[in-house]
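Scroll down for the structure; my scribbles are underneath it.
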Amino acid sequence: ALFGALSASLFLAACGGNSGVAPPLRADNPAGLEGGATRTSLATSVYTPPPTSSYTVHVQGSIASIMSATEFLLQGGPGVGYVHIFTTSSTAKNTGGAALAAGQSVDVYGTGTLSSGNVTAATINIDSATSTSSTTPPAAGTYTAHVKGPIVAVKSASSFQIQGGPGIGYVNVSYTSSTTKNTNGQAIAVGTIADVYGGGTPSTTVAATWMSLSSSTSATSGTPAPTAAPVASSAVPAHVLTAGLVYGYAGTPTSVAVSRMAPYISWAQTDPNYAAQLRAAGIKVDIYMNFWRNYSSDNPAVGYTDLKPGGSHASAEVKSCAGTVAYDSGYGGGYEGNALSSSMAGHAAVLANYRESEYGSNYDALFSDDTGALYGLPTPCGYTDANYKSATNSVHASLGKKMFVNTLNAGTSVVSQVGYAGASNVLGAMCEGCYAYWNTSGTTKADYARFGSTWADTENGEALMVSQHKIFWAYPRAIGDASTETSLRTYVYASFLMTYDPNYAMLQEVFKTASGFEVFPETGLVPMNPVTTSTNVSSYLRSGGAYMREFGACYYRGVNKGKCAVVVNPSNTASASIPTTAYAHAMTLSGGGVLDGGSVAFTAGRPSSLAPETAAILFP
């Protein structure tokens with residue numbers, strides 16, 4: 001379970017209950033974008049939209065990556081998220097002669113649903129950011145903020161992030177169709193210099209009223225641009241996908257401003273009172289719930305009351321073939337929901353509707369804990385591995401909302417649990433306690449690395465999820481002081497990168513930090529252009545015992561550091577040699593979290609070998 005030995009009810013109590021009713025992500029009209037609904041254009045359009053009779057879906061956003069000649073990944077912004085756009089020979093492309101590329105803002109009309117994440121385009125338009133307004137910056141007194149620096153991340157179809165330089169740091173910038181944009185032939189993409197005037201403050205978000213783009217690497221607005229290696233023209237995120245608990249139960253304290261966290265975290269679980277604030281800052285929110293296991297200690301006891309004997313959906317309880325109800329004595333006693341029961345979808349809806357009602361429209365996905373977690377109780381009558389996975393996916397699909405499931409470390413192997421993430425509305429699955437964990441048994445309590453066949457199984461599960469375009473949510477449960485566990489952190493991060501894809505792998509960690517914000521500087525390293533990609537980690541095994549994967553371009557906070565290689569020794573007994581001499585340096589970590597002075601360096605010499613359960617990330 002997500003919260004280990006703590007009852008899930010503690011988290012629910014802190015959030016005010018078990019949840020739900022609002023449908024902001026339903027297929028019929030998520031965020032008002034489907035069925036011909038319109039949305040404010042990102043920029044001055046140079047085309048006429050097609051007639052409403054020619055499409056069922058309309059979505060705008062920035063291209064996150066080009067998947068193939070007939071597919072690209074679109075980031076539709078808050079409430080929409082990633083959408084796969086497929087093209088055909090009949091797709092009309094109003095591009096002005098430009099090729100579709102990462103970082104471009106596009107306007108797509110077509111068929112499909114945003115809830116499934118798949119749209120076949122009938123018409124694609126590249127939004128023009130060119131403005132006919134004056135190229136002269138606005139007069140003093142007409143703006144409250146002026147920042148200039150390189151774009152380090154394109155966050156959505158109407159926002160990006162720049163590095164404002166010493167004393168300013170990362171700044172979120174939003175813009176609209178009325179923003180004056182002097183593009184000078186440049187795209188809103190990583191590496192482009194943006195000179196921005198507008199409202200707000202650099203410490204929160206600057207709402208641009210005027211911006212000018214350039215390819216120059218010099219910034220002269222009193223904010224020197226950092227010296228950087230050349231960057232690619234495609235959009236590269238400022239960090240890998242990250243997740244964590246923010247505010248609410250066990251989350252980052254409210255003394256830490258959202259504006260400080262927003263540049264570093266992608267998804268958060270939070271109290272309903274803070275969800276709107278987080279989402280306004282660009283942080284997506286998923287709602288925790290557990291309708292598979294319900295206990296008398298749950299507070300409020302909505303799910304327990306519904307599932308217990310005599311409850312409205314008591315028929316969904318796990319029972320033996322003789323009709324005996326399975327009883328879990330933990331947390332005051334409780335019951336397991338049976339995916340094979342025709343009543344289970346109704347029970348799931350009771351909890352989901354309750355929890356969603358608390359958040360209103362202020363969420364982006366649901367989170368289903370204990371999915372496929374049959375440990376500790378007898379399996380239900382009629383159970384087979386195949387039919388239970390299928391039934392579980394049907395229950396999740398019946399909720400009709402985007403969701404994550406916590407399942408990958410709840411069975412005999414990570415690979416065997418991937419099937420529980422099969423519903424089309426499931427964005428991805430958590431692997432709790434994978435790559436590292438905190439041992440609570442016996443008298444010695446300490447953090448440990450996963451190793452050997454367990455490590456390989458996790459890598460293969462990650463590779464399998466990625467190949468299915470589902471997010472692998474790695475959640476190592478090591479809880480020691482982050483500043484003293486840099487070796488384990490490097491091992492975890494290198495393992496995470498070994499089979500990752502930047503669009504389909506997410507990391508959550510709980511190493512302790514002074515601020516309580518548990519995101520770390522190494523997550524700013526985003527390797528791109530892998531030399532090889534495999535669905536089995538054995539492909540990366542090298543002579544000498546280490547596993548190695550190489551990438552053609554590796555970015556730190558959007559800055560291209562050149563090629564890199566991740567090397568891991570998952571043996572718990574033997575050292576392994578570094579299988580290459582093509583790299584001279586290794587990444588090193590110091591300090592704690594990103595808000596606690598933690599840092600990354602790329603100047604240390606390359607090690608000649610790796611001790612058991614250690615790793616290195618190598619650079620030229």
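All conditions but one from (1) over 22 Å from the mean Cα position of the chain (by Cα); (2) at pLDDT 95 or above; (3) open to solvent by 20 Å² or more (accessible area, probe 1.4 Å) apply to Ala449; the one that does not is (3). For region 376-384, the count of residues that are not in a loop (DSSP other than H, G, I, E, B) and not basic (Lys, Arg) is zero.
For region 428-446, the candidate set comprises residues that are assigned to a loop (DSSP other than H, G, I, E, B) and in contact (Cβ under 8 Å) with a residue 12 or more places away in the chain; within that set, the residue that is surrounded by the fewest Cβ atoms within 10 Å (Cβ to Cβ) is Thr440. Candidates in region 320-343 are the residues that are within 23 Å of Gly419 (Cα to Cα) and either touching a Cys at 6+ places or on another chain (Cβ under 6 Å) or among the hydrophobic types (A, V, I, L, M, F, W, C) (or both); of these, the one that is least open to solvent (accessible area, probe 1.4 Å) is Ala339.
So, in region 458-491, of the ones that are part of a helix (DSSP H, G or I) and in contact with a Cys (Cβ under 9 Å, 6 or more places away or on another chain), which residue ends up surrounded by the most Cβ atoms within 10 Å (Cβ to Cβ)? Per the stated criteria, the residue is Glu462.
None of Gly376, Gly360, Gly346 is open to solvent by 40 Å² or more (accessible area, probe 1.4 Å) and either at positive phi or in contact with a helix residue (DSSP H, G or I) (Cβ under 8 Å, 6 or more places away or on another chain) (or both) except Gly376. Here Ala262 meets the list (1) modelled with pLDDT under 90; (2) under 23 Å from Trp473 (Cβ atoms) almost entirely, failing just condition (1). One residue stands out in region 576-598 among those that are open to solvent by 40 Å² or more (accessible area, probe 1.4 Å) and β-branched (Val, Ile, Thr): the one that is modelled with the lowest pLDDT, namely Thr581.
Summed over region 167-180, residues that are at pLDDT 85 or above and farther than 22 Å from Gly558 by Cα total 3. Among the residues of region 599-620, write down those that are outside any loop (DSSP other than H, G, I, E, B) and open to solvent by 40 Å² or more (accessible area, probe 1.4 Å). Correct list: Ser599, Thr603, Gly605, Ser609. Given the condition modelled with pLDDT of 80 or more, in a loop (DSSP other than H, G, I, E, B) and open to solvent by 20 Å² or more (accessible area, probe 1.4 Å), answer yes or no: does some residue in region 72-82 qualify? No: region 72-82 contains no residue that is modelled with pLDDT of 80 or more, in a loop (DSSP other than H, G, I, E, B) and open to solvent by 20 Å² or more (accessible area, probe 1.4 Å).
If you go through region 263-305 and keep only what is of a type outside the set (S, T, N, Q), out of contact with any Lys or Arg (no Cβ under 6 Å at 6 or more places or on another chain), open to solvent by less than 10 Å² (accessible area, probe 1.4 Å) and not in a loop (DSSP other than H, G, I, E, B), you end up with Ala268, Ala275, Leu278, Asp286, Tyr288, Gly303. If I ask for residues that are without any contact (Cβ under 8 Å) to a residue 24 or more places away in the chain and out of contact with any strand residue (DSSP E or B) (no Cβ under 9 Å at 6 or more places or on another chain), which ones from region 274-310 would you list? Those that are without any contact (Cβ under 8 Å) to a residue 24 or more places away in the chain and out of contact with any strand residue (DSSP E or B) (no Cβ under 9 Å at 6 or more places or on another chain): Gln277, Gly310.
The values are calculated or read from the model by the stated rules, or taken from the named source; none is laboratory data. Since the structure is predicted, the reported quantities are computational estimates derived from the model, not experimental observations. Reconstructed Cβ throughout: ideal geometry from the backbone, glycine too, with neighbour counts over all protein chains shown. Areas reflect the complete protein model, heavy atoms only, side chains present, ligands, DNA and RNA absent. Shrake-Rupley method; radii C 1.70, N 1.55, O 1.52, S 1.80 Å.
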